[in-house]
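Input: a single structure, listed below in structure tokens.
Rule-based calculations on the coordinates, nothing more; no lab input. Everything numeric here is computed off the predicted structure, so don't read it as measured data. All Cβ positions, glycine included, derive from the backbone under ideal geometry; neighbour counts span all protein chains shown.
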Amino acid sequence: MRHRTFTASRIRAALGACVFISLVASCERKPPPAAAGCLTCHQGIEQAHGPIPPDECVVCHGGDASANTKQGAHVPVPMDWAEIRGTGLPPAPHGFIRDFAPDQLDRLDPDYVRFINPGDIRAVEQTCGSCHPDQVATMPTSVMVTNAGHYFPTLYLAGIQDDRLATVGSYAAEDPDCDPSVPGSVCALRPLQPPGAEEITQIIASGDQAAVEQLAYEHYLAKNCNTCHQAGYPRNNSPGLYRSSGCTSCHMVYDKLGTYAGSDPTIPKSSPVHPIRHEITAAIPSEQCATCHFQGARIGLAFRGIREGGFKEDQTPPNAVAIQDTLYGHSPGYYFSDEDSSNDIDETPPDLHYAAGMHCSDCHVGSDVHGDGRIYSSSKLQVDLRCEDCHGTVRDPIRPDDDGVFRTASGRALSQLSVGSDGGVVLTGRVDGAAHPVAQVADLLGEGGGASAAMHAAMAPDAAGWSHTDALTCDTCHTSWAQQCVGCHVTYDLRLEQVDYQTGTTSPGLTQGGRSMFSISDVLLGTGQDGRVQGVMASQQVQMTVVGSSLYGSVDGEILQGETVDDGAGGTRVLGEFRHRNGLEANNGFAPIFSHTTTREPRGCDVCHRRDDSDEELARVRGVYGFGTGEFMLDAPGGQPVDGLQFLADDGTALTTWVHEGTGPVEPEARQRALDVVLSP
Amino acid sequence: MHILMGGRLLCAVVLIVSQVAACDGDDPASDPCASGADAAIVLGKGVGGAFTPYEDGESVQLDVAPQGGFGVTVVISTEALAAGGDNLVDIQMDVEVDGSTAGAFLLEDAALLCEPSVGGRFDGAVVGFDPNQYSSFDDLLDLNGQRVDLVVSVTDADGASATARQSVTLDVGS
């Protein structure tokens, strides 16, 4: 323990404290000047939102602007704050809630939640909704709040639910006007509530293996997939993770360290969790989105040219460039910016839009992010923006409507687009304010457009009027890299406890998951939701081990799911069970995905077609269509190793089910046509 | 009346002294956010500005990071190391089990924030375990209840450096 000495700095600190106390006391005692109100103490604070005068803090925060004291002005900390906070979270100042889980926020006095964060979904009807009723009406049911897209795929792949519709989420949601005919939409969601101690004991005593598996998956989801999304705050405790909840989780910008850099003397500048400035903005940088989107499909990383690590040394290229920064709860060196510093190539470049100064918020606006009032089972159903909405098709450039407004194919206004002085389409960047020219594919392919012969061959309609773009999404070719993570070993051990990020309290069982292998070079193709071919990502390849405890009626350390095998080094190891839905050997997840690593230079034709007619080439290209590569073999209990990048048997039979309705392997006829092509040398 | 005048006089003296003291910025040793010879750091826990120094052998949570990896999330409090403004530091974060290094990570160019009259502060640093040694669930179980040393060194741009060695007991899960 360090011994402090009474130095000049201490004397100054004491005197400073004396002066500070006298100032604070003056805030407590003196009536605020008539026009000042809250600003008597919060002098210099930024005007959060243009239309609201700076001295009208109560419009958003509540409280009493006419009070003469801090106690009178502020909404008091609820009496049950400490009880709700519980003992599972780190020490915090009295009243601190910026690491609360959704259920904890639900239990708090809503006036206090509003006082701390007027943008919280529990407060927005009174606050943001006063002027933005349309957005506030739809936002609480959007996937960014409900988290539904992370829950149902896991439960479906495991056979715990039979349809591809969400039933649980991070937040209770209801759509009274629901229309079951809208694909992937549901009428209501309930919060995920995994079984508690008593029910766990009953499940284990029953010997029902399916129930044991469901128990493990539900705890896994609640404890690992619930740290993001706008219904709550967790984890909010490490660089890169700092954010708010609700509307302000996007519209109040936080920097990496979560510290305030504004002018209000009462807001600390040396510790999180505070926005950079007390300002609502639509200029949302991609780094803000990445506070959550570093997980899931990792788009918040890939878009910026960052590849996830955390693999063993033999999985790390010798000249890879690690980012020496604590980010997203990981130690320095976990993330990589380049695979090989000894060459001039960046194997994991950022998306060309990011490199040009654009951000996520330049494209994803309106119902893409706020929702449209439906409760969708997946973000893939809520997000309807397509490359063609800005860049047109190979046949037609985009054009504004009669009101001069550019719109998506679904009719949403894209207010960021306009016609530039040269008659071309320009996008005005929300963050950089720059005018970004938006190339129109049809113009490039047209006379004098400058398209290369290769571009014409690949994209222009042929004599029969057919174009590759009729059958392939743009990103199928214009993607520079995508990270495939293969083999996810998850253990659910009932001998320990862990915080459930739905409730903020500890519950039985610790879950831990880790991937074993990755690839940035393997390309997989499947059928996307619009029926066209699209790149596919290996997803949720879970092998689950469940370990029992005497606390819940089994023997400590008993393997309730999984198989103990020889580890080849004189010991044993446990192989988790794959998911066996409908008798499948390993129901690994695969999902079509736009990995957001757009490149001007497309993938070569030889990625998807054979270079020659050798057997090796045929095997390689068959791997692209899901017949397996043999590179990533996963040990399976009691069976043959499973190829982590395989979803079709040799005869074309499906080896896995696909999570998203309408997606799957490339249709057999189209697949065969592609396999039959042998490129000219 | 005399008491009132005396009070005013005392206040005036306090204000003058505080102003004078505030102007002695030329003496870096007196500013806990300025680089100095007697640099020191303390490891602890807390969120939202709270800071509680670890006690010897204190039970601390071993976090399982979102996509794998194990580590202890700490708050670093510094004194006499250049903090605030544009000051960047390097933070070497090691963990030792039975005297052997079980993880060593360098956090480069970290912004060390200044809490006036208290010192520098870095929240949310992750003192991690080497994924080559510790990656499986069995490894995690082995670490549960282990007494380990967190060894953290902070070096500022002026070359001033301090190291804290903190013995803690790992608690997995709860």
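Brief remarks on what is shown
- Put a plus charge on the Cβ of each Lys and Arg, a minus charge on the Cβ of each Asp and Glu, and nothing anywhere else: the dipole of the range A:532-614 about its Cα centre is then about 620 debye.
- In a simple Cβ point-charge model (Lys, Arg +1; Asp, Glu -1; nothing else charged), the range A:149-259 has a dipole of about 640 debye relative to its Cα centre.
- Over the range B:31-172, Cα pairs under 8 Å with separation of 6+ residues give a relative contact order of 32 percent.
- Prolate/oblate/rounded label for chain A (Cα gyration tensor, a/c 1.5): oblate
- Taking amide H positions as modeled 1.01 Å from N, with prolines and chain starts lacking one, the residues under 5 Å from residue A:610 and 5 or more places away or on another chain are A:677, A:679.
- Charge-dipole axis of the protein assembly as shown as Lys and Arg at +1 and Asp and Glu at -1 on Cβ define it, positive-most pick from B:168, A:321, A:441: B:168
- Percent RCO, i.e. relative contact order, over chain A, from Cα pairs under 8 Å lying at least 6 residues apart: 12 percent
- Close amide H pairs (under 5 Å, H built 1.01 Å from N) link residue B:107 with B:91, B:92, B:93, residues at least 5 positions away or on another chain.
- Relative to the longest principal axis of the Cα atoms of chain A, the long axis of helix A:209-224 makes an angle of roughly 50 degrees.
- Tail beyond 22 Å, pair distance distribution of the range B:31-172 (Cα, percent): 36 percent
- Qualifying trypsin sites (Lys or Arg not before Pro) for the range A:322-395 [loop in DSSP, other Cβ within 10 Å: at most 15]: A:395
- Estimated inter-spin distance, residue B:88 and residue A:82, nm [label 7 Å along Cα→Cβ]: 4.3 nm
- For the protein assembly as shown, the Cβ-based charge dipole about the Cα centre amounts to some 2300 debye (Lys, Arg positive; Asp, Glu negative; other atoms uncharged).
- Amide hydrogen proximity for residue A:590: with H placed 1.01 Å from N in the peptide plane, the residues at 5 or more positions away or on another chain lying under 5 Å are A:539, A:659.
- In the range A:576-616, trypsin sites (Lys or Arg not before Pro) in a DSSP loop with at most 11 other beta-carbon atoms within 10 Å: A:600
- Positive end of the dipole of the range A:518-570 (Cβ unit charges, origin at the Cα centre): among A:570, A:518, A:547, the Cα lying farthest that way belongs to A:518.
- Contour minus Cα-Cα distance for residue A:618 and residue A:178 (0.36 nm per residue): 153.6 nm
- By the beta-carbon count within 10 Å of each Cβ, the least crowded to most crowded order of A:132, A:330, A:353, A:489, fewest first, is A:132, A:353, A:489, A:330.
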